[in-house]
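Data first, discussion second: the structure below is written as structure tokens.
The values are calculated or read from the model by the stated rules, or taken from the named source; none is laboratory data. Being a predicted model, the structure only gives us computed values, none of them experimental. All Cβ positions, glycine included, derive from the backbone under ideal geometry; neighbour counts span all protein chains shown. Accessible surface is based on the protein model in full, side chains and every heavy atom, while ligands, DNA and RNA are left aside. Shrake-Rupley method; radii C 1.70, N 1.55, O 1.52, S 1.80 Å.
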Amino acid sequence: GFFYESFISAVEAESKKLGYSLITLLSGDDPEVEIQNIKTCRQRRVACIMLCVTSKSTDQTIFHSLNSLDIPIIFFDKVPGYLNSVSVCADDRAAAAMAANALLKKGMHKVFSIFGDLNFSITKNRLK
């Protein structure tokens with residue numbers, strides 16, 4: 001989507017200015033591939049891991065183990081809600097309020113909503 005493309009392009013541009021290269025690894029929303037990608041980053045001794053957690057991740061113990069590494073972890077978009085971590089994401093509460101207000105202005109009062117996994121801050125914040 002547009003968010004990911006814009007975010008990755010901006011990070012790559014800033015990384016180049018500082019003499020770094022950006023390595024992008026895709027999981028295809030597969031938790032096993034996500035874990036392998038994290039292991040690859042550790043093996044390659046990257047300077048930082050920027051991670052958008054797959055929505056299918058149910059066992060998030062790997063993210064707890066990342067806290068013990070000397071590699072900074074920055075979560076973006078989908079952030080495990082229980083971790084005290086650095087993250088980059090939209091203002092989830094404001095986005096939810098904006099969407100609700102737009103529907104109310106159109107006279108829609110009976111709205112069904114489906115939210116994601118409660119382990120992610122994006123879901124918790126939008127439910128508030």
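Brief remarks follow.
- In the range 10-24, the residue that is farthest from SER57 (Cα to Cα) out of those that are under 16 Å from the mean Cα position of the chain (by Cα) and exposed (fewer than 14 other Cβ atoms within 10 Å of the Cβ) is ALA10.
- Condition met for LEU51 (closer than 16 Å to PHE75 by Cα and either surrounded by 14 or more Cβ atoms within 10 Å (Cβ to Cβ) or among the aliphatic types (A, V, I, L, M) (or both)): yes
- Among the conditions (1) in contact with an Asp or Glu (Cβ under 9 Å, 6 or more places away or on another chain); (2) of a type outside the set (Val, Ile, Thr); (3) at pLDDT below 75, LEU22 misses just one, which is (3).
- Scanning the range 49-88 for residues that are part of a loop (DSSP other than H, G, I, E, B), touching a helix residue (DSSP H, G or I) at 6+ places or on another chain (Cβ under 8 Å) and at pLDDT 70 or above yields a count of 12.
- Every condition in (1) in contact with a Ser or Thr (Cβ under 6 Å, 6 or more places away or on another chain); (2) free of Cβ contacts under 8 Å to residues at least 12 places away in the same chain is met by SER21 except one, and the failing one is (1).
- Among the residues of the range 54-63, the one identified as in contact (Cβ under 8 Å) with a residue 12 or more places away in the chain, open to solvent by 20 Å² or more (accessible area, probe 1.4 Å) and under 12 Å from ILE38 (Cβ atoms) is ILE62.
- Per-region count, the range 24-44, residues touching a residue at least 12 places away in the same chain (Cβ under 8 Å) and among the basic types (Lys, Arg): 2
- Scan of the range 25-48 for residues that are part of a helix (DSSP H, G or I) and either open to solvent by less than 50 Å² (accessible area, probe 1.4 Å) or hydrophobic (A, V, I, L, M, F, W, C) (or both), ordered by number: PRO31, VAL33, GLU34, ILE35, ASN37, ILE38, THR40, CYS41
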